[in-house]
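First comes the structure, then the notes that go with it.
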Amino acid sequence: MKNFTSVDDIQDLKGLVALAKAVKAAPYANQQLGKNKTLGLLFFNPSLRTRLSTQKAALNLGMHPIVMNLNTEGWTLEFEDGVVMDGAASEHIKEAAQVVSQYCDVIAIRSFPTLTDKEKDEEEYVISAFKKYASVPVISLEGSTEHPLQAVADALTIEEFKTKERPKVVLTWAPHPKALPHAVPNSFVKVMKKADVDFIITHPEGYELNPEFTAGVTITHNQDEAFKDADFIYAKNWSSYIDYGKITSKDPSWTVTPEKMALTDNGKFMHCLPVRRNMIVADAVLDSDSSIVIPQSNNRTWSAQAILTKILENAE
Amino acid sequence: MKNFTSVDDIQDLKGLVALAKAVKAAPYANQQLGKNKTLGLLFFNPSLRTRLSTQKAALNLGMHPIVMNLNTEGWTLEFEDGVVMDGAASEHIKEAAQVVSQYCDVIAIRSFPTLTDKEKDEEEYVISAFKKYASVPVISLEGSTEHPLQAVADALTIEEFKTKERPKVVLTWAPHPKALPHAVPNSFVKVMKKADVDFIITHPEGYELNPEFTAGVTITHNQDEAFKDADFIYAKNWSSYIDYGKITSKDPSWTVTPEKMALTDNGKFMHCLPVRRNMIVADAVLDSDSSIVIPQSNNRTWSAQAILTKILENAE
Amino acid sequence: MKNFTSVDDIQDLKGLVALAKAVKAAPYANQQLGKNKTLGLLFFNPSLRTRLSTQKAALNLGMHPIVMNLNTEGWTLEFEDGVVMDGAASEHIKEAAQVVSQYCDVIAIRSFPTLTDKEKDEEEYVISAFKKYASVPVISLEGSTEHPLQAVADALTIEEFKTKERPKVVLTWAPHPKALPHAVPNSFVKVMKKADVDFIITHPEGYELNPEFTAGVTITHNQDEAFKDADFIYAKNWSSYIDYGKITSKDPSWTVTPEKMALTDNGKFMHCLPVRRNMIVADAVLDSDSSIVIPQSNNRTWSAQAILTKILENAE
């Protein structure tokens, strides 16, 4: 594996999930692999789970994580080609990406979307530029359109908690006070399409995700119908894709409640976190045994460690 | 030891100080203890000594410290139960504390008081919430009412510098331009009550600390009287507790001067630092041989290392 | 070597460059040297290369780097002696430097100039204060008048890329939209005076560097003349020294272009980075084979590692 910035980079999901399970069972078994290697974690945006779990994964492999908040600790970057740099940006991504590649054996980047400039966001202009100019592997810590490390953790969690060979998995939109990115739902859709599950998406009208990603997936506007006999409910808010970055509904009837969970077949509740209580999901669901959000967050470490393992092994 | 968030968590002060001396004498003797373990240091507030010394202590034990500034690098946290999270807070402490517990073997937190909401401060609402929801041990890096790592360093320092079996120790209030917390004086009072010392507190009227903590301790408003024949002068400013968080005096006659130190029995000057020169204490005292603030700050490492040792040993 | 805060601290440039080459050839050969030692990296200003390369260098030597942004994560420092500290500053540099020395075996500091207070800048008041009060070695990560780690990397780069025994090296001013410090050109001038090169400086009138540093060096206002038959073109902007900190020219005719590079003897283009494209240098130069800015930035690691090696060896 050269880079890991999209679920599309996964050739063999089953194998990757098996690897994640293996590193979870023996986290410190491969510490020679990362010896004397550094992982640069570059953040343009806030992060809790990703920040900590990816450092933990690197440490487990014997790597040295080096964390940097690019906006506050570094220089403002220019991403356009051919410009006269007489403005706010001090450094071009061409140099920055090549330079960081001199000190870090792997570069990991978090860069959220603008939610105003659809074209720029869809180009993944930050992560794409790092991939273009870096001379070392690049990992997405959540870009503008995908959060693939989260998707691997999600697939592992479903694999661990499923009680049927082919479980029914529901991705449901839920209300939120702020406009949120599409990265998590996009990557979840992509990974579920690779998994051995019955997958269905439910959301209010106007909340269609990028049709390129959802092609072939059953979509319904009837949340109750979707929940029927489900094994996993994956709740997530996202802003409108059609009316790009806008909030077109905060309908509280989409909040996941115990009544709705009762429609499922003893379904498990999932969310990538952070989660807004009593907006996305009622306390009574999140505090019940049906919630698996904490083991799901734990799997972020093993997802990252599996990917780092793949990348370091190729690098050799 | 499960958590360490108050001097009350110390069962045996003499034993703990002896352990701190032992790790100071052989800092790297126990590096297997922390192998493959991470210490999460979560800061809501500025820190110099605590930030550096606790990292150093963790490294000495073979642990990996992971530092995070929660306010600027993470998500705004909600601490109230049952609320509809439609405001600024993105994540509930319930999830945050459980999630961090998935990546860190020990969690250490700095959270200063509001100095406006006495009830909230006295509940130690941040650290208490982490203790309630975390599944791993929690250490205070200074909370709203206590700074117990500082207190252990203080006890160690007095043990090292005392020239009498039962020295006289004075905690004196001193003036400061800003309203300061009570955490350091509270923890110092608590630890001195456990120590084999003659302990006396002196402050202007209206600067009484929480009477629950000072019960049984001699208190005088006559600073000169207090200093007489003292072996240790521990200076510190704090805001009013009765008139909560207010500055009711900046009386410069309370500044610790060479004249006042002359009243002592060759007394040593202590302060937790940072210290305002010529407000709390005159240059001539701080720059003299009687000042032991630098070795006192050095002991922060051994205090933290002793506590981490206790916690890691229990954890096994 | 006790401290490294100026090119003047280099006794034997040839030996130091040889050491840098040696650590580059075998980066992990000396990991016992830094075992159980911490390098404190204290930043008052932004940094990308220095931040990452110095951490990498420390890790290569088995040291633990501890990074801290003093402005945002610590306390405001007071540098004046004898003041009553009743203002914004919470801690005096006297204590801060001594305290950090308790936790870090080496202290490295970045502190940019004010560019308004020439006297203060020339005193290197921040780094000088750390040197005065710290009890451990101090390294400059770029001060107000020098950037010596950069200079060592520059000397190493010229050594590696030179094709003649005594190459011609040109330091040329180039335009920039903001007022920049003199630290990089000052240190480059100093190191070139120690190197076996033909050295010439070119800049517009009014951009004379501190004459104390440039004494004995050929200076011309004719950039074309300077470039003739040059082997290395080192471009850099700086603000006026005479009209201190002011921008007195943004003349675009000083931008380094392919036409100008054609005057050289197949000259190599150097810059410390970050570089403003199409202000300092045209894309066509920076994207050509004549640019060696990326290997130059790579040498920052080996420069730092050589200096840390020198310091740790003396420390023992």
- Message: Name the residue from C:Ser249, C:Ile200, C:Val275 whose Cα lies farthest towards the positive end of the charge dipole of the stretch C:199-302, charges +1 on Cβ of Lys and Arg and -1 on Cβ of Asp and Glu.
- Response: C:Val275
- Message: If I model a spin label at A:Asp287 and A:Lys120 as a point 7 Å from the Cα along the Cα→Cβ vector, what separation in nanometres do I get?
- Response: 4.3
- Query: R0 = 60 Å: FRET efficiency of C:Ala262 with A:Asp251, Cβ-based, nearest 0.05?
  - Reply: 0.35
- Query: What list of ³J(HN,Hα) values in whole Hz, one per residue of the stretch A:169-179 in order, does the Karplus curve 6.51 cos²θ - 1.76 cosθ + 1.60 (θ = phi - 60°) give from phi, with Gly and Pro shown as x?
  - Reply: 10, 10, 9, 10, 5, 8, x, 7, x, 10, 6
- Query: What is the helix-to-structure angle for B:93-103, meaning the angle in degrees between its Cα long axis and the longest Cα principal axis of chain B, kept from 0 to 90 and rounded to the nearest 10?
  - Reply: 80
- Query: Sorted from fewest to most neighbouring beta carbons within 10 Å, what does the list A:His176, B:His221 look like?
  - Reply: B:His221, A:His176
- Query: Under unit Cβ charges (Lys, Arg +1; Asp, Glu -1), what dipole magnitude, rounded to 20 debye, does the stretch C:76-173 have relative to its Cα centre?
  - Reply: 560
- Please work out the FRET efficiency for the pair B:Asn210 and B:Gln11, using the Cβ-Cβ distance as r and a Förster radius of 35 Å; give the result to the nearest 0.05. 0.95
- Note on the structure: Applying the gyration tensor rule to the Cα atoms of chain A (axes a ≥ b ≥ c; rounded if a/c under 1.5, else prolate if a/b exceeds b/c, else oblate), the class is oblate
- Can you list the aspartates and glutamates whose alpha carbon sits under 18 Å from that of A:Lys246, skipping same-chain ones fewer than 8 residues off? A:Asp117, A:Glu119, A:Asp121, A:Glu122, A:Glu205, A:Glu208, B:Asp86
- Message: I'd like the orientation of helix B:293-315 relative to chain B: the angle between its Cα long axis and the longest Cα principal axis, in ° from 0 to 90, rounded to 10.
- Response: 40
- Message: Skipping prolines and chain starts, which residues have an amide H placed within reach, meaning under 5 Å, of the one on B:Ile139, given they are 5 or more residues away or on another chain?
- Response: B:Phe4, B:Ile107, B:Ala108, B:Ile109
- Message: How big is the dipole moment of chain A about its Cα centre under a simple scheme where the beta carbon of each Lys and Arg is +1, that of each Asp and Glu is -1, and everything else is neutral? Debye, nearest 20, please.
- Response: 960
- Query: Any idea what angle helix A:148-161 forms with the longest principal axis of chain A, computed on alpha-carbon atoms, 0 to 90 degrees, nearest 10?
  - Reply: 40
- Check A:Thr220: other-chain or 5+ apart residues with amide H under 5 Å from its amide H, H built from backbone geometry? A:Ile201, A:Thr202, A:His203
- Query: Residues with amide H under 5 Å of B:Ala174's amide H, sequence separation 5 or more or different chain, H placed in the peptide plane at 1.01 Å from N; which?
  - Reply: B:Lys236, B:Asn237, B:Trp238
- Please state the relative contact order of chain B as a whole percent: Cα pairs under 8 Å, 6+ residues apart? 20
- Task: Pop out the ³J(HN,Hα) list for the stretch B:113-124 in order, Karplus 6.51 cos²θ - 1.76 cosθ + 1.60 with θ = phi - 60°, rounded to Hz; leave Gly and Pro as x.
- Result: x, 6, 6, 10, 10, 4, 5, 4, 4, 6, 6, 6
- Query: Classify the protein assembly as shown: rounded, prolate or oblate, from the alpha-carbon gyration tensor (a ≥ b ≥ c, eigenvalue square roots; a/c under 1.5 rounded; otherwise prolate if a/b is larger than b/c)?
  - Reply: oblate
- Among the residues of chain C, which one places its Cβ closest to the rotation axis that maps chain C onto chain B, and what is that distance in whole Å? C:Thr72, 4
- Query: Does the stretch B:1-134 come out rounded, prolate or oblate, given a ≥ b ≥ c as the square roots of the eigenvalues of its C-alpha gyration tensor, rounded meaning a/c under 1.5 and, failing that, prolate meaning a/b above b/c?
  - Reply: prolate
- Too long at a 22 Å Cα-Cα cut-off: which of B:Lys21/B:Lys268; A:Lys35/A:Lys194; A:Lys24/A:Lys228; A:Lys2/A:Lys118; A:Lys21/A:Lys190; A:Lys164/A:Lys194? A:Lys35/A:Lys194; A:Lys24/A:Lys228; A:Lys2/A:Lys118
- Task: Sort B:Leu171, B:Leu263, A:Leu41 so the one with the fewest other Cβ atoms within 10 Å of its own Cβ comes first.
- Result: B:Leu263, A:Leu41, B:Leu171
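No lab work stands behind these numbers, since they all come straight from the coordinates. On a predicted model such as this, the values are computed, not experimentally measured, just so you know. Ideal geometry is used to build each Cβ from the backbone, glycine not excepted, and the neighbour counts take in all protein chains shown.
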